[in-house]
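Read the structure below first, then the notes.
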Amino acid sequence: KSSKREWKPLEDHSCTDVPWLLLFILFCVGMGFICGFSIATGAAARLLSGYDSYGNICGQKNVKVEGIVNSGLDLTHKKYVFFLDPCNIDLVHQKIKSLALCVSACPRKELKNLADIQKFAETNGSTLCSYELQPSEYTTDPAAAKLCPKYPVPESAPIPFFHRCAPVNISCYAKFAEALITFVSDSSVLHRLISGVMTSKEIIMGLCLLSLVLSMILMVIIRYISRVLVWILTVLVILGSLGGTGVLWWLYAKERISASAVETQIAKDNLQALLIYAIAATVFTVILFLIMLIMRKRVALTIALFHVAGKVFIHLPLLVFQPFWTFFVLILFWTYWITVLLFLGTTGSPVPNEEGFVEFRMVGPLKYMWWYHVVGLIWISEFILACQQMTVAGAVVTYYFTREKRNLPFTPILASINRLVCYHLGTVAKGSFIITLVKIPRMILMYIHTQLKGKENACARCMLKACICCLWCLEKCLTYLNQNAYTATAINSTNFCTSAKDAFVILVENALRVAAINTVGDFMLFLGKVLIVCSTGLAGIMLLNYQRDYTSWVLPLIIVCLFAFLVAHCFLSIYEMVVDVLFLCFAIDTKYNDGSPGREFYMDKVLMEFVENSRKSMKEAGRGGGAEGRELKPM
């Protein structure tokens, strides 16, 4: 007994993993150095103002580059970058392969020949041909065909903030788009899909808003009527899956009859899409019914757990908005990261390439800043997500281990954030770094697998996929363990390794309970996501069905369903996190307290009844036996 450390929930607060916090701060300073270096070397000016193929930055005076003609020009009055052939796209390097010049104005109308280009230069003072060619020589000099833009010159307009002339009609980028979307072999298919999205954009926006409203309604249902939620969800999912499958087969039969009378490509596409959707819905419905049949005896076990989690949301309503704040912070960081990445793309010394033009390249150790920047993306993103997990864990721990709920802090979320910032940022930095160490090798292997696709033999391909799969499984296990380690840190203010060990021991001792509660609880939350997606998809089918004669609605429906799933996942993931934290708190409570004077339970009465019912149910099924009995101490 002397070797066991007593848990003292919320009694002591101390700083944890301070060296890791210092290491993380030093790493962030390095990220700031990369940003400052790229700005100091002129990358920001080259990115925002643009530069021509000779290394001149548009809109300012420039310094001569040795060995490069037309460099070092005064381009103060030429503020826009113009590409002579904007549709000449290098699909390998994904960039415009064209001579770039600085001009004073973008052509606002189509120029069909050299005479129009000459007239535009004389009228607007914007020379669209190479610097050494005067406007009066556009129609007389034989070299004008190479030094002037390829005509007809499309109508273009400057991109806001970036001073690049971009064609107003982006049809010339169709090849680039089709190269990215590899599953489209016929360009007409791509055009029909894009036209379907543009025609149905109002419906798509309305359905996305509907998914958001449904997710909010579902959270309200979980909060107030948790006892009947499980059965409501079960019945609604059964009816929704059957109804959705039936509607799809009905629409397929109806469309097949109408398509036989009108032979159009759009009708054929819609008929084929309906058949695929109907078959997929049928398979999904059968699998869903089999799973629910297997788990029907355990569905009732989640009712009490959902009820306690609903109480948490009643006392801590700000928990619902945690995904929004996390997403907002991630968007800010990703915007910063992409901006610095663009700076790095124009950072370096001017170097002549094989075509005689200028490229900016970093030499020496500075070229490895890319890798540092990529590691920063993964580590800091994981750090932000881990801060959300620690904040939620701290708030739920405060709720659970406060005996009198009237004595809760005014804002437990802000109190949890305060404890995180004052004491536990080092723990979060260490946990997120461990996830980063697993993510980087997996991403490298995925990149190698992509580059060697079709070249490696079957054995090498199998080994690569096996390694990627193992690393993915390891990442998921570590993520789950990290979340429980953050909960242990929030309870007892211990460092990451100690908290992870304690949480792992608790989870192993309650392995049967973990399997029973987490599996059924996660499945019911998954049913909630399915309900939102099915409801949004069914509404989309009914609305888009009125446009089937002139619109291909395959892509709009996919977009709507994906957005509905992401919205539902964001909301219900917080609920899932609360359930996991409550379970670990409960397991610690039952291990170190027995209900006797001085060792009273912290748990809610409903949660204790839930575990008692769970033990009885597992004994009847012959699965828990003595192991489950040993998990619970007598009250």
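The values are calculated or read from the model by the stated rules, or taken from the named source; none is laboratory data. Not measured: the values here are computed from a predicted model. Glycine gets a Cβ as well: all are built from the backbone with ideal geometry, and neighbour counts include every protein chain shown. Protein only, heavy atoms only, side chains kept; ligands, DNA and RNA dropped before computing areas. Shrake-Rupley method; radii C 1.70, N 1.55, O 1.52, S 1.80 Å.
Data overview
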| read-out | value |
| --- | --- |
| Every pair of residues 6+ apart whose Cβ atoms lie under 6 Å, when the first sits in the stretch 234-252 and is farther than 17 Å from Q272 by Cβ while the second is open to solvent by 40 Å² or more (accessible area, probe 1.4 Å) | G240/C534; G244/C534; G244/L538; T245/T282 |
| Spans of helices (runs of 4 or more DSSP H) in the stretch 533-635 with at least 3 residues buried (at least 19 other Cβ atoms within 10 Å of the Cβ), at pLDDT 80 or above and not assigned by the TED database to the domain that holds L207 | none |
| Filtered residue count, the stretch 352-369, keeping only those that are modelled with pLDDT of 75 or more and more than 18 Å from R46 (Cα to Cα) | 2 |
| Boolean, K146 is out of contact with any helix residue (DSSP H, G or I) (no Cβ under 8 Å at 6 or more places or on another chain), surrounded by fewer than 17 Cβ atoms within 10 Å (Cβ to Cβ), assigned to a loop (DSSP other than H, G, I, E, B) and at pLDDT below 85 | no |
| Unique match (being surrounded by fewer than 18 Cβ atoms within 10 Å (Cβ to Cβ), in the same structural domain as F571 (by the TED database), in a helix (DSSP H, G or I) and not charged (D, E, K, R)) among Y368, Y399 | Y368 |
| Checklist (1) at pLDDT below 75; (2) more than 20 Å from L527 (Cβ to Cβ); (3) surrounded by 13 or more Cβ atoms within 10 Å (Cβ to Cβ); (4) among the basic types (K, R) applied to R223, failing item | (2) |
| Entirely in the stretch 415-519, the helices (runs of 4 or more DSSP H) that have 2 or more residues that are under 30 Å from T590 (Cα atoms) and under 26 Å from the mean Cα position of the chain (by Cα) | 425-451, 458-492 |
| Filtered residue count, the stretch 402-414, keeping only those that are over 20 Å from F327 (Cβ atoms) and in a helix (DSSP H, G or I) | 4 |
| Selection from the stretch 107-123 of residues that are of a type in the set (D, E, K, R) and in a helix (DSSP H, G or I) | D116, K119, E122 |
| Number of the condition not met by T182 [criteria: (1) of a type in the set (S, T, Y); (2) in the same structural domain as H315 (by the TED database); (3) at pLDDT below 80] | (2) |
| The listed residue being at pLDDT below 85 and not basic (K, R), out of E110, E66 | E66 |
| Hits in the stretch 414-464 - residues which are open to solvent by 70 Å² or more (accessible area, probe 1.4 Å) and of a type in the set (D, E, K, R) | K453, K455, R461 |
